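The values are calculated or read from the model by the stated rules, or taken from the named source; none is laboratory data. These figures come from a predicted structure and were not determined experimentally. Here the Cβ is made from the backbone with ideal geometry for all residues, glycine too, and neighbour counts use every protein chain on show.
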Amino acid sequence: MSKQEERTESGVSRRSVLLSAGAAAGVLGIGGKQTLDSLTRDATSGSVDGLFDETQVLNTACAPNCRGKCPLNVHVRDGQIKFVEPQMTDDEQYRRGCLLGQSHVQRVYSPKRLKYPMVRSDWSPGDPNPGGRGEGAEFEQVSWDEALDYVAEEMLRVREEYGPESVFFHTGSGDNGMGTTIFGRLASMFGGTQQGWSIDSNVGMGFNRVTGHGYFLPPTNESEDWVNANTIIVWGSDLLASQFQNDASKVLDAMENGAKLVVVDPVYTTTAAKADLWLPIKPGKDTHLALAMINAVLTEGIYDAEFLRERTTAGALVRNDTEELLRMGDIEDSDDDRVVGVHSETGEPVPLEPDTYADVELFGQYEVDGIEATTGLTLLEDHVQQYSPETVADVAELDAEDIRTAARWLATRGPGGIASSYALGRYKYGHVFGQTYAILLALTGDYGKSGTIHAQHPLGASLSSGDYGSPEGAEGAQYLRMHEVPDALENGEPYPIKAIYGMESNMLVNQFPDRQRWMDLLENVDMFAMADIHRTPTVQHADILLPAAHWFEREDITDAWGSHPHISYRAKAHDPLWDARDDYYIINDLAEKLGYEDLFLDDKRGELEKIASNDDRFDFDELREKGNVRIDVDVVKYTDPFPTDTGRIEIYDEDQPVEEEGTVLDLPRPIEDRTAEDHELADEYPLMFMQKHSKWRIHSQWADNAMVRKMNPEPTLDVHPSDARERGIDEGDYVRVYNDRGEVVVRAEYNEGMQPGLINIDQGWWAEDFVEGSLQDLTHMEVNDLAPTFAFYDVRAEIEPAPDVDTSMYTDPESADWLGDYPSEGDAQ
């Protein structure tokens with residue numbers, strides 16, 4: 001008996017599922033309609049009693065890179081998944097689900113799944129023929145042993161010739177299960193290179209310079225506390241379209257409780273339609289607006305003086321000579337590095353301790369022991385004089401009184417905050433906005449209190465795996481951030497990458513910016529293996545294809561980072577279909593072929609229990625029994641001293657970081673790239689191009705889901721009618737969107753919610769979904785110096801009517817009769 005047969009844990013084997021589905025041949029792509037009919041209709045069970053007698057309800061979870069991470073119940077009958085619904089959580093307010101999560105039946109039984117291990121026909125060890133990769137590549141079916149032998153032998157060869165770091169262990173954000181944790185253990189043992197992030201880390205890193213908190217977005221109170229907010233500023237996020245499972249519902253609860261909702265967005269979104277005040281900001285002017293709000297708060301004297309004295313460096317003195325913070329050691333000739341303020345009654349210098357109220361002057365210039373100095377808040381006040389609401393209203397195309405209204409609501413109505421978004425970090429210098437709004441929230445005292453908000457989503461629950469990823473005897477992994485990988489591929493700096501094993505990712509050939517360049521860079525790789533559920537564009541570009549099990553076909557644990565405070569358990573509904581395998585067993589067998597026979601237990605449940613044992617906030621057996629467990633997290637954040645040098649929010653940055661073009665950021669100063677009106681590309685490409693999130697996909701997942709595609713059949717370009725008509729484009733016309741990097745052909749849709757000068761194609765579409773090109777052919781890989789992050793929204797383009805193009809892929813699509821008689825909600829029995 002094979003290991004795979006030994007590992008069958010459910011009562012129904014892979015073979016019996018396929019046979020009962022009328023797919024003895026094992027190829028749904030051929031057996032199509034008959035197969036899916038039998039997977040969804042049971043001619044022998046016509047009674048309601050029979051349905052409930054035979055149905056098993058299993059706990060699982062949907063955990064892509066969304067803000068839901070929803071625990072689900074899967075209904076299984078006769079070894080087949082019939083129905084998916086939200087699972088009751090420990091806390092009823094987190095019982096949520098969405099269309100995508102409840103359409104997993106179509107993902108499990110999709111004919112587009114990878115079915116068998118495959119090797120590109122014109123690839124072989126020593127003769128990789130990288131030019132054969134891509135859309136036209138053909139593949140041959142091989143056994144699992146053959147496929148993993150190829151992968152292992154190439155990894156070992158590359159380690160011998162170049163070093164272990166030349167093997168890249170690539171992962172994405174496709175699943176929040178334990179797959180990447182297990183994968184990281186192998187990478188560490190091997191000594192390979194793992195991936196650091198250069199996506200969506202812009203705003204959080206700017207916020208971190210002020211508070212010591214934040215990488216992606218900063219921490220914020222758990223969403224259950226948002227009901228206590230009196231003012232919520234949703235900045236650059238369409239919560240009601242892309243985060244309605246948890247976060248949006250909590251915003252609506254707060255509004256029912258009397259909260260004011262302000263939405264800052266250049267697009268009239270679903271969320272903007274619910275707002276008390278919509279600020280339709282010009283793209284890229286967000287830092288200007290935040291500085292104008294700081295100006296209004298200081299000018300009107302509506303700042304929280306008590307908070308500033310207790311938890312910030314507003315009253316700390318900055319030396320006029322060195323532009324550094326004055327410290328006790330400077331006036332006592334000692335090593336005391338506590339910063340200094342001037343007591344408001346005695347005029348004497350006093351140290352500012354973390355989280356300790358000090359009755360110090362907030363404004364003014366002083367001489368202390370012969371040293372002239374100015375308070376940090378005075379420097380800020382002087383700095384923002386140039387950013388009055390009137391001035392910024394002209395720059396950002398807003399109304400000055402609306403700017404003041406937003407600032408007043410935030411400062412005077414009690415606890416509230418700013419739900420900042422990743423979108424702001426998709427402009428090249430988005431980290432400056434992070435720095436700016438961190439200071440704004442300090443002025444209003446919105447830290448460490450119930451009802452305060454600092455990001456568009458909470459931290460949720462992350463499972464702590466302890467030292468699991470650093471096994472005894474491990475070489476230790478290297479890390480390259482995403483923007484550093486191209487130099488390694490192209491120039492061998494800091495070392496060459498010659499082999500790639502990837503999983504849970506469609507980034508390299510679909511989601512990363514400058515797609516054409518990535519495809520060119522991959523020609524320098526000798527072996528590219530991808531494990532995935534579906535045949536994505538990135539999978540199609542690989543040499544070795546490894547079919548991974550769907551989430552419902554494997555036992556697992558998922559956490560809920562960025563979502564809610566629960567850990568969830570995935571029960572296995574049935575064995576993986578066709579010849580797909582659980583990533584754990586793929587990695588385990590690869591480890592054995594690499595010589596690490598004892599690295600894993602060869603028992604998935606035992607491995608999960610081993611990982612879970614590192615987190616003492618929950619019990620594995622209880623988790624399996626309940627399906628999900630709420631773990632102990634701080635609902636209200638920022639209650640402890642800040643992890644900065646002073647233990648306080650540092651309004652003035654004495655490190656004076658400098659961006660690439662020379663701007664000093666001791667205080668926030670707006671920096672723009674392509675959004676600037678005088679940018680060198682502005683005349684030739686006058687339109688700003690963005691790619692917002694869609695409710696129909698989670699990044700690129702669900703892009704090939706047939707049920708979803710019935711409602712969202714093809715990519716479109718959102719364009720304001722005035723921009724379209726100026727270029728002779730009617731609604732429904734196909735247009736060519738182009739710039740200095742590439743082009744894409746797509747159908748135009750008039751959208752008066754778009755500003756003139758701004759166009760959008762929703763992100764996540766696969767390259768094959770476009771008539772020509774891809775939206776990532778328009779983007780670039782330029783990053784800033786201080787918080788290197790891909791700038792997906794800092795893109796200029798132009799549009800014109802497309803030349804005659806064949807659009808039959810939309811009007812006469814390839815037959816999808818496997819879906820034809822699938823029961824709709826009203827037809828289901």
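Data for the structure
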{"item": "Complete set of residues in the stretch 69-82 that are under 21 Å from the mean Cα position of the chain (by Cα) and outside any loop (DSSP other than H, G, I, E, B)", "result": "P71"}
{"item": "Output for the stretch 345-360, where each listed residue is touching a helix residue (DSSP H, G or I) at 6+ places or on another chain (Cβ under 9 Å) and not β-branched (V, I, T)", "result": "P349, P351, L352, P354, D355, Y357, A358, D359"}
{"item": "Criterion: in contact with a strand residue (DSSP E or B) (Cβ under 7 Å, 6 or more places away or on another chain), hydroxyl-bearing (S, T, Y) and either surrounded by fewer than 19 Cβ atoms within 10 Å (Cβ to Cβ) or in contact (Cβ under 8 Å) with a residue 60 or more places away in the chain (or both) - qualifying residue of Y810, Y738", "result": "Y738"}
{"item": "Test result for G204, farther than 25 Å from H431 by Cα and among the small types (G, A, S)", "result": "no"}
{"item": "Matching residues, the stretch 667-686, being hydrophobic (A, V, I, L, M, F, W, C) and surrounded by fewer than 19 Cβ atoms within 10 Å (Cβ to Cβ)", "result": "A676, L681, A682"}
{"item": "Some residue of the stretch 584-603 being touching a helix residue (DSSP H, G or I) at 6+ places or on another chain (Cβ under 9 Å) and under 24 Å from D78 (Cα atoms)", "result": "no"}
{"item": "Lone qualifier among A542, A529 - being in contact with a strand residue (DSSP E or B) (Cβ under 8 Å, 6 or more places away or on another chain), in the same structural domain as V142 (by TED's automatic domain parsing) and in a strand (DSSP E or B)", "result": "A529"}
{"item": "Selection count, the stretch 754-779, where residues are closer than 16 Å to M507 by Cβ and part of a loop (DSSP other than H, G, I, E, B)", "result": "6"}
{"item": "Where A396 falls short, out of the listed (1) in contact (Cβ under 8 Å) with a residue 40 or more places away in the chain; (2) touching a Leu at 6+ places or on another chain (Cβ under 6 Å); (3) within 25 Å of D640 (Cα to Cα)", "result": "(3)"}
{"item": "D723 more than 28 Å from D200 (Cα to Cα), surrounded by fewer than 16 Cβ atoms within 10 Å (Cβ to Cβ) and of a type outside the set (V, I, T)", "result": "no"}
{"item": "Test: D704 is acidic (D, E), touching a residue at least 60 places away in the same chain (Cβ under 8 Å) and in contact with a strand residue (DSSP E or B) (Cβ under 7 Å, 6 or more places away or on another chain)", "result": "yes"}
{"item": "Evaluation of E85 against (1) more than 18 Å from E622 (Cβ to Cβ); (2) in a loop (DSSP other than H, G, I, E, B); (3) of a type in the set (D, E) (one fails), failing number", "result": "(2)"}
{"item": "L362 vs. criteria outside any loop (DSSP other than H, G, I, E, B), assigned by TED's automatic domain parsing to the domain that holds A241 and either modelled with pLDDT of 95 or more or over 36 Å from the mean Cα position of the chain (by Cα) (or both)", "result": "no"}
{"item": "Complete set of residues in the stretch 205-228 that are over 21 Å from S450 (Cα atoms) and small (G, A, S)", "result": "G206"}
{"item": "Some residue of the stretch 300-312 being in a loop (DSSP other than H, G, I, E, B) and in contact with a Pro (Cβ under 8 Å, 6 or more places away or on another chain)", "result": "no"}
{"item": "Matching option when the condition is β-branched (V, I, T), farther than 30 Å from E752 by Cα and touching a strand residue (DSSP E or B) at 6+ places or on another chain (Cβ under 8 Å), among T231, T220, T269", "result": "T220"}
{"item": "Tally of residues being more than 20 Å from the chain's Cα centre (by Cα) and crowded, with 22+ Cβ neighbours inside 10 Å across the stretch 768-795", "result": "2"}
{"item": "D247, sole failed condition from (1) touching a Leu at 6+ places or on another chain (Cβ under 8 Å); (2) modelled with pLDDT of 95 or more", "result": "(2)"}
{"item": "1 or more residues under 30 Å from I533 (Cβ atoms): qualifying helices (runs of 4 or more DSSP H) within the stretch 397-510", "result": "485-491"}
{"item": "E140 vs. criteria in a loop (DSSP other than H, G, I, E, B) and more than 20 Å from L186 (Cα to Cα)", "result": "no"}
{"item": "Qualifying positions in the stretch 570-604 - among the hydrophobic types (A, V, I, L, M, F, W, C) and in a loop (DSSP other than H, G, I, E, B)", "result": "A571, A573, L577, W578, A580, L594, L599, F600, L601"}
{"item": "Qualifying residue in the stretch 780-802 (condition: more than 23 Å from I698 (Cβ to Cβ) and modelled with pLDDT under 95)", "result": "no"}
{"item": "Looking only at the stretch 265-279, and only at residues there that are of a type in the set (V, I, T) and crowded, with 18+ Cβ neighbours inside 10 Å, the one that is farthest from A248 (Cα to Cα)", "result": "V267"}
{"item": "Close pairs from the stretch 88-100: first surrounded by fewer than 18 Cβ atoms within 10 Å (Cβ to Cβ), partner part of a helix (DSSP H, G or I), Cβ under 8 Å, at least 6 apart", "result": "D90/K626; D91/E224; Q93/E224; L99/V708"}
{"item": "Among the residues listed as R697, R669, the single one being over 24 Å from R113 (Cα atoms) and either at pLDDT below 95 or of a type in the set (K, R) (or both)", "result": "R669"}
{"item": "Test: residue in the stretch 655-664 that is crowded, with 20+ Cβ neighbours inside 10 Å and either in contact (Cβ under 8 Å) with a residue 60 or more places away in the chain or touching a helix residue (DSSP H, G or I) at 6+ places or on another chain (Cβ under 9 Å) (or both)", "result": "no"}
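One line per residue, one yes/no per condition, for (1) part of a loop (DSSP other than H, G, I, E, B); (2) touching a residue at least 24 places away in the same chain (Cβ under 8 Å); (3) crowded, with 20+ Cβ neighbours inside 10 Å; (4) charged (D, E, K, R):
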residue	(1), (2), (3), (4)
I281	yes, yes, yes, no
A292	no, yes, yes, no
N295	no, yes, yes, no
T322	yes, no, no, no
D330	no, yes, yes, yes
D336	yes, no, no, yes
